[in-house]
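Engineer: Got a structure for you, written out below as structure tokens; questions coming shortly.
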């Protein structure tokens, strides 16, 4: 028994839970950018008539199951481009009115019901097409009730009329007109353009007329000043010359007034004509000056682009080439200088080595001579003596004795023949060994000098005897 009661209690609790969840799900909240439309059995209206739907904006409602259901209407604005062409105006002139309308579903109580009845379930495209047809018709109607001047000049009145007519028709299907923007208005005949030109011409003429009137007032004032001056001068003269000159003064005054009037009239006409011509020339000169300034600016820019810029480019090229040549020359010169320095350094090292070795040799010779420099020099000369003798012999060795002809006349001095004297003189032309030593600042050793002289004397005698026999 207790188990059955527990099962029954659990079933009741489950049913209650499901019922609560179902009721919670049927409670719908309306977002701010939508309209909640509850349809089905929704009660009666103000006049006790059955309502087709209940519209809620910014709230919530409980949707009864089975007898009620719900849907949403989107409040997103819709932009519609209306290119109205060939619309007939009140003056039977066809005009083009390109414009853009922005519409959206209205949130007014009565208009929301119209939207629920006529727009529920339609897409944004379908709503846009429906509104476009209504706007086209009302826009044509407004254009047909207004003149071209009103449409073109009084835009506020035109937009107010369009907004009033279009919004009244849109409310019938639940829409609201948010904005109207007319971009431009044109006509086939060019009437609007002509109106603009007429207004511009009128403004220009008014300005010219105002300038002419101001110039005229200035000229009149100047003339009046001159007139007052002349009248006062004349009165002063008349006061000074009273009496018998009264009649003459009166006549002179009358003539002066007449001439003054004539001169004034002529001056006014001439001044007005010259002022007009000067104004025209001034405007022409100003226009020409602007054109010349613009042309000079253009020519200057063109010349700058054609001459200055290429010259700058060539200058930069020359500077770059000069820098490259200078760098190359510097590197080449540095390389040659380094090579010469290395060559000279190598030669200096070689000379240093030769002199060092010679100094070492001289030092050894001096040591060998018992540290006596004179004896060391004698040793060096004794070493070079064969070369010196060879040099003396080389001086006459190539002389062809058999080709020399000497005329012997039998006479001579000291018992010597001419041939002997010739040979002795030729041998005497060779520098003696003793003279060589003296030129070097030294003296030939006694033993060496005697032997050499004896040998030379003997050699001369033998040669003389032998040659005398061969001479023809």
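The values are calculated or read from the model by the stated rules, or taken from the named source; none is laboratory data. Please read these numbers as outputs of a predicted model, since none were measured by experiment. Virtual Cβ from ideal backbone geometry, glycine too; neighbours counted across all protein chains shown.
Engineer: When the residues of the stretch 140-158 are filtered to those that are buried (at least 16 other Cβ atoms within 10 Å of the Cβ) and under 53 Å from the mean Cα position of the chain (by Cα), which remaining residue is nearest to residue 102 (Cα to Cα)?
Structural biologist: 158
Engineer: Taking residue 168 as the residue in question, decide whether it is modelled with pLDDT under 75, part of a helix (DSSP H, G or I) and surrounded by fewer than 16 Cβ atoms within 10 Å (Cβ to Cβ).
Structural biologist: No; evaluated as a whole, the condition is false for this residue.
Engineer: Among the strands (runs of 3 or more DSSP E) confined wholly to the stretch 1-99, which include 3 or more residues that are loosely packed, with under 10 Cβ neighbours inside 10 Å?
Structural biologist: On the way: elements: 27-29, 34-40, 53-56, 60-62, 68-74, 78-88.
In the stretch 1-99, no matching strands (runs of 3 or more DSSP E) lie anywhere.
Engineer: Still on this model: Looking at the stretch 91-105, is at least one residue touching a strand residue (DSSP E or B) at 6+ places or on another chain (Cβ under 8 Å), in the same structural domain as residue 166 (by TED's automatic domain parsing) and over 18 Å from residue 182 (Cβ atoms)?
Structural biologist: For the stretch 91-105, residues touching a strand residue (DSSP E or B) at 6+ places or on another chain (Cβ under 8 Å), in the same structural domain as residue 166 (by TED's automatic domain parsing) and over 18 Å from residue 182 (Cβ atoms): present.
Engineer: What are the residues in the stretch 357-412 that are modelled with pLDDT of 70 or more and in a loop (DSSP other than H, G, I, E, B), if any?
Structural biologist: Within the stretch 357-412, 369, 370, 371, 372 qualify.
Engineer: Got a number for residues in the stretch 178-190 being at pLDDT 90 or above and in contact with a helix residue (DSSP H, G or I) (Cβ under 7 Å, 6 or more places away or on another chain)?
Structural biologist: 0
Engineer: Hey, residue 102 hits all of (1) closer than 25 Å to residue 32 by Cβ; (2) part of a helix (DSSP H, G or I); (3) within 55 Å of the chain's Cα centre (by Cα) but one; which does it fall short on?
Structural biologist: The failed condition is (2).
Engineer: Please go through the stretch 103-138 and give me each residue that is out of contact with any helix residue (DSSP H, G or I) (no Cβ under 6 Å at 6 or more places or on another chain) and within 18 Å of residue 184 (Cβ to Cβ), ordered by number.
Structural biologist: Listed by number, the list holds a single entry, 136.
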